[in-house]
Amino acid sequence: GSPKLLKMAGMNQFVSFYGDAPRGSSNPLAQYGQAVYEIGPDEALIIETENPDAPYWGISLGTWWWETIDPTNYKNSINGHQAVLDSDGKFRAVLTRRDPGVPNWLDPVCWDVGIILLRWYRAAKEQHITTKKVPFAQLREHLPADTPVVTPAQRAEEIDRRRRAVMRLYGY
């Protein structure tokens, strides 16, 4: 659980491993990254990887108890089809309590502490995950200069698309 992960990796740092089918039925063709995050209302955690170049990959948030956070009404997961890579080819997600106006925002909703899960299936190369916690007010100084701005109207449309997709998944 989360206490064990925290002891292995530390706060806001990832442990990464490949699947081992005989030990817990994880997929040996997949690489996994796990972290415990802690974020305050005026902080942002930047999560960075190389270009994932994989048939499937994704990042998602959960509670301290490894529960899924509502993916219907909040942007707390991003997959390779939804992600925006930066001009240098890297993937950068920003976990922060309020919308920072960047494409790859992860919303922890009301959870100051929780888990981050990454998975790459058949990635072209091993992924290395770095993190950096910065003041929310200085976030843009720590991102590439050409990081797009996502307006509140664009974010509302994105959340609405998520909501419609989840509803379709469940037959509504």
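The values are calculated or read from the model by the stated rules, or taken from the named source; none is laboratory data. Keep in mind the model is a prediction, meaning the values are calculated, not measured. Cβ coordinates were reconstructed from backbone atoms using ideal geometry, including for glycine residues, and neighbour counts include every protein chain displayed. Accessible surface areas use protein heavy atoms only, side chains included; no ligands, DNA or RNA. Shrake-Rupley method; radii C 1.70, N 1.55, O 1.52, S 1.80 Å.
Things worth noting here:
- Overall, the accessible surface of the range 1-119 at a probe of 1.4 angstrom is composed of carbon and sulfur to the extent of 51 percent.
- Based on protein heavy atoms only, the chain ends up with 54 Å² per residue of surface accessible to a 1.4 Å probe.
- Of all DSSP-defined beta bridges confined to the chain, some 95% are antiparallel rather than parallel.
- Pairwise label distance in nanometres, W65 with R164, each label 7 Å out on the Cα-Cβ vector: 3.5 nm
- If R0 equals 30 Å, the separation of the Cβ atoms of Q138 and E38 corresponds to a calculated FRET efficiency of about 0.95.
- The range 87-158: chymotrypsin sites (Phe, Trp or Tyr not before Pro) falling in loop per DSSP and having at most 16 other Cβ within 10 Å: none
- Centre separation in Å (Cα based) which lies between the range 58-81 and the range 1-51: 14 Å
- Only helical runs count toward this figure. For the chain, summing -39,500 (n - 2.57) over DSSP H runs of n ≥ 4 and dividing by all residues gives -5000 deg cm²/dmol at 222 nm.
- Segment Y56-Y121, length gained on full extension (0.36 nm per residue, minus Cα span): 22.9 nm
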